[in-house]
Amino acid sequence: MSIRVTDLAHVYHQGTPLERRALDGVNLLVEPGSWVSVVGHTGSGKSTLAQHLNGLLFATRGEVEVDGVPLREDAPEILRQARKKVGLVFQYPEQQLFAETVSEEIAFAPRNWGISKERLPEVVHAAATRVGLEKALLGVNPFNLSGGQKRRVALASVLASEPDYLVLDEPTAGLDGKGKKELLSLLSQLVREGKGVVLVTHDLDTALAHSHRILVLEDGKVFALGAPQEVLDALAGASVRGIVLPPVVELSQGLKQRGWKVPITPDATTLYALIAKEGKRCDS
Amino acid sequence: MRFLNHITLGQYVPTDSPLHFLDPRCKILGTLLVMTVLFLTRAPVSFLVWGLLLLALTLLSRLSPGMVLRGARPVLILIVFTAFIHLFFTKGTPLWSWGVLSITKEGVTAALRMSSRLFFLVLFAGLLTLTTSPMELADGLERLFSPLVPLGFPAHEMAMMMTISLRFIPTLLDETDRIFKAQLARGADLDRGGLIRRLRAFVPVLIPLFVIVFQRAEELAVAMEARCYRGAGRTRMHPLRWSRGDTAALFMFTVVLGGVLGMDRWLLS
Ligand SMILES: Nc1ncnc2c1ncn2[C@@H]1O[C@H](COP(=O)(O)OP(=O)(O)OP(=O)(O)O)[C@@H](O)[C@H]1O
Ligand SMILES: [Mg+2]
């Protein structure tokens, strides 16, 4: 039970002058109950990878398996199954809204997957509550909501189909601090419930703080893949296009170079405690 | 989804071929000439010559023949439909008949002729848009129509509208593709069920698309106003230059087309 990506390559517009190799030799494993973050510069292939995970794009080379079943373009039933299992939230999902009411919008996906009429209201309510939409909003036209609320509606509509895995393409872009925090804690909660989460993000800090594993893409190739600390060590020693180390990491790195006994860490609290301890030792 | 990848109509593919370097006016006039002569030719052999001409121009443009051919895909249904109409509704010596339907000898030739004409029309026009950027195309048209401006013809506005539409075709295709995928991810099923069900399945794609189109249009209008756009009378960043090469190319092309027409007439006589 997992999403397994093996040696994946994707070439857009193959055989034309517009040909573009967006992914090359990517391997990845997403297990239930784990959180994988994908980071990389603009155009590094993050969205392309995300769309392979539920059969919206197909490998030029290599393979994507969902729970042991390889995804192929010519197997529509398998694809439907995979798309149900792997929920994908697109970049700016608020642009996909079309229904007349929020509850209709949320009900779109579960209805497509053939959920029973009796369960539908319950599922819609549960999803709306999870993303923090008040009950009063369910009857409102989604086009009248604010950007952040629209985003929540779109997210709820994917959650409502109860996927086993959730792939989110930059879901926090354009959200305010509170919205971002709420979304991330919702994702943590989903991971604890046993869902596999793939978060595509520009924000290394977010990735470091929450993920079990991080995939760093550079020009469609894997620059690093591993636990946050491993990836951090790899990033600290090199310069990767478009990736800026978080300030706390820079600070810990600077201290370490000056001989302080601190690890390279993104966590301000840990670093502060260590500095305080080290500092005292210097005083005495 | 794959099918949107195949639409090349109205999409410019930059390479550095001789065809790309010609003045857009030269190419537009050439295309108009082709269209005229295309509808004057009647002999079946002439259509082989059109094919050769298209092949020659394709080679000259350094585009792959497959890419040029793909331009016909969106109008394939129209071409088949035209052939069908001519095949069954032309009067003449019957070859085969079944009830009210009958195929005549004249019908077969008319069907072949009309569908080939349409086919080549689209491909030659496609060659123009593949080798000429929308910007150049609009500039060229504006200049060609400028003699009509004193008569009240809005040459500039027309060219601007055309540039904008052409410019937004690829963008809107990308948007459609994205929305389409987003709804597929939410389980939309666009190729199952009867016609009504399929049409209804497109609502979730069309509504967001309309919203985006209106948003885009409004943003564009604001952006143009913010930069003090005021219609006709603007100067150009890259003024068009008609070179001696353009004259030579247009002349040679006219001679070739004259030859094709002459040959066609000779074959028919
Ligand atoms: N539909 C498409 N047709 C052609 N090329 C594409 C298409 N989509 C993406 N690309 C190209 O593939 C590469 C990877 O794109 P992708 O969208 O996966 O990047 P990304 O990492 O998601 O970037 P961003 O951070 O800007 O979202 C880019 O160079 C892009 O230009
Ligand atoms: Mg992206």
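Things worth noting here:
- Qualifying trypsin sites (Lys or Arg not before Pro) in the range B:150-208, where qualification requires a DSSP coil assignment and no more than 14 other C-beta atoms within 10 Å, comprise B:R192.
- Chain B: relative contact order in percent, alpha carbon pairs under 8 Å with at least 6 residues between: 29 percent
- Stokes-Einstein diffusion for chain A, with the hydrodynamic radius set to the Kirkwood value over Cα pairs and evaluated at 25 °C in a medium of 0.890 mPa s, equals 121 µm²/s.
- For A:D164, the shell of other residues with beta-carbons less than 10 Å away shows a net charge of +1, using +1 for Lys and Arg and -1 for Asp and Glu.
- Residue order, fewest to most surrounding Cβ atoms within 10 angstrom, among B:T235, A:T206: B:T235, A:T206
- Estimated FRET transfer efficiency when R0 is 30 angstrom, pair B:R42-B:M158 (beta carbons, to 0.05): 0.35
- Cross-link table B:K27/B:K181; A:K180/A:K221; A:K46/B:K27; A:K221/A:K256; A:K180/A:K280, entries beyond 32 Å C-alpha to C-alpha: B:K27/B:K181; A:K46/B:K27; A:K180/A:K280
- Estimated translational diffusion coefficient (Stokes-Einstein, Kirkwood radius over Cα pairs, 4 °C, 1.567 mPa s) of the range B:9-132: 82 µm² per second.
- The range B:171-269: chymotrypsin sites (Phe, Trp or Tyr not before Pro) falling in loop per DSSP and having at most 16 other Cβ within 10 Å: B:F202, B:Y229, B:W242
- Computed from the alpha carbon atoms alone, the convex hull of the protein assembly as shown holds 234 Å³ per residue.
- Relative contact order %, chain A, counting alpha carbon pairs below 8 Å whose residues are six or more apart: 23 percent
- Between the alpha-carbon centres of the range A:32-47 and the range B:49-116 there is a gap of 49 Å.
- If you take the Cα centroid of the range A:259-274 and the Cα centroid of the range A:58-108, the two points sit 41 Å apart.
- Scaling against 2.2 N^0.38 Å puts the C-alpha radius of gyration of chain B at 1.21.
- For GluC sites (Glu not before Pro), the sites in the range A:44-120 that DSSP calls loop and that have at most 11 other Cβ atoms within 10 Å are A:E118.
- Neighbourhood net charge (12 Å Cβ-Cβ; Lys/Arg +1, Asp/Glu -1) for A:P228: -3
- Cα-based equivalent ellipsoid, the range A:213-268: semi-axes from gyration tensor eigenvalues, Å: 22, 11, 9
- Each 5 Å bin, from zero up to the one with the longest distance, holds this percent of the alpha carbon pairs of the range A:185-284: 2, 11, 20, 21, 16, 13, 9, 4, 2, 1, 0.
- Cα centroid separation - the range A:189-254 against the range B:231-269, whole Å: 58 Å
- Cα pair distances exceeding 18 angstrom across the range B:156-232, given as percent: 54 percent
- Distant alpha-carbon pairs in the range A:122-209 (separation over 16 angstrom), percent: 53 percent
We did not get these values from a lab; they are worked out from the coordinates using the rules stated. In this text the structure is predicted, and so the values were computed from the model without any measurement. For neighbour counting, all protein chains shown are included, and Cβ atoms are generated from backbone atoms with ideal geometry for every residue, glycine included.
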